[in-house]
Amino acid sequence: MTSPSVAPTTRPAGALSTTLRVVVTIGALGVLAQALLAGQILAGTAGADAAHGLGGLIVVLISLVQLVIAIIAWRRGSVPARAAAISAGLFVAIVVQLFVGGGGLMAVHIPLGVALFGGYASMLATVWQK
């Protein structure tokens, strides 16, 4: 008698999960660039504040693209549900980050920026695990 085959919970890396890996890596680099620009603001570098503001908008857009891809990849079984959940949390946190930074609430903006590194570290580990 043969045993019934059990379908894997996730599929091997395909185009969708590869795309997610690329977008997550770009998002993590975007968050790193924002931290570097924040340092330039503190150093008094001309134009750093405007660049940081524009960078924030770009990071929001990247995180939205990441969220959409993560949800689709999860629904198709290409990545674990954790990838979609972390992406959703990152998107919300980044939108909040944009508003508190624009509002000058540095007591929230700076620690939240640090927390975003942790979120992206977790997301990188999730999408790049074998």
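The values are calculated or read from the model by the stated rules, or taken from the named source; none is laboratory data. The shown structure was predicted, so the numbers you read here are calculated from the model rather than taken from an experiment. Neighbour counts run over all protein chains shown; Cβ positions are idealised from the backbone, glycine included.
Only one of GLY113, GLY104, GLY53, GLY44 is small (Gly, Ala, Ser), more than 16 Å from the chain's Cα centre (by Cα) and assigned to a helix (DSSP H, G or I). Can you tell me which?
Of GLY113, GLY104, GLY53, GLY44, the one residue that is small (Gly, Ala, Ser), more than 16 Å from the chain's Cα centre (by Cα) and assigned to a helix (DSSP H, G or I) is GLY53.
Among residues belonging to region 1-41 that are small (Gly, Ala, Ser) and more than 25 Å from the chain's Cα centre (by Cα), point out the one that is modelled with the lowest pLDDT.
My answer is ALA7.
Only one residue in GLN97, GLN66 is surrounded by 13 or more Cβ atoms within 10 Å (Cβ to Cβ), among the polar types (S, T, N, Q) and within 15 Å of ILE26 (Cβ to Cβ), so which one is that?
GLN66
Of the residues ALA48, ALA107, which is of a type in the set (A, V, I, L, M, F, W, C), surrounded by fewer than 14 Cβ atoms within 10 Å (Cβ to Cβ) and more than 19 Å from VAL24 (Cα to Cα)?
Going through ALA48, ALA107 in turn, just one is of a type in the set (A, V, I, L, M, F, W, C), surrounded by fewer than 14 Cβ atoms within 10 Å (Cβ to Cβ) and more than 19 Å from VAL24 (Cα to Cα): ALA107.
So in region 69-84, with the set limited to residues that are of a type in the set (A, V, I, L, M) and surrounded by 15 or more Cβ atoms within 10 Å (Cβ to Cβ), which one is nearest to SER122 (Cα to Cα)?
Here the answer is ALA83.
For region 58-103, what are the residues that are over 18 Å from ALA35 (Cβ atoms) and of a type in the set (Gly, Ala, Ser)?
Those that are over 18 Å from ALA35 (Cβ atoms) and of a type in the set (Gly, Ala, Ser): ALA70, ALA73, GLY77, SER78, ALA81, ALA83, ALA84, ALA85, SER87, ALA88, GLY89, GLY103.
For region 51-63, enumerate the residues that are among the hydrophobic types (A, V, I, L, M, F, W, C) and surrounded by fewer than 19 Cβ atoms within 10 Å (Cβ to Cβ).
Those that are among the hydrophobic types (A, V, I, L, M, F, W, C) and surrounded by fewer than 19 Cβ atoms within 10 Å (Cβ to Cβ): ALA51, LEU54, LEU57, ILE58, VAL60, LEU61.
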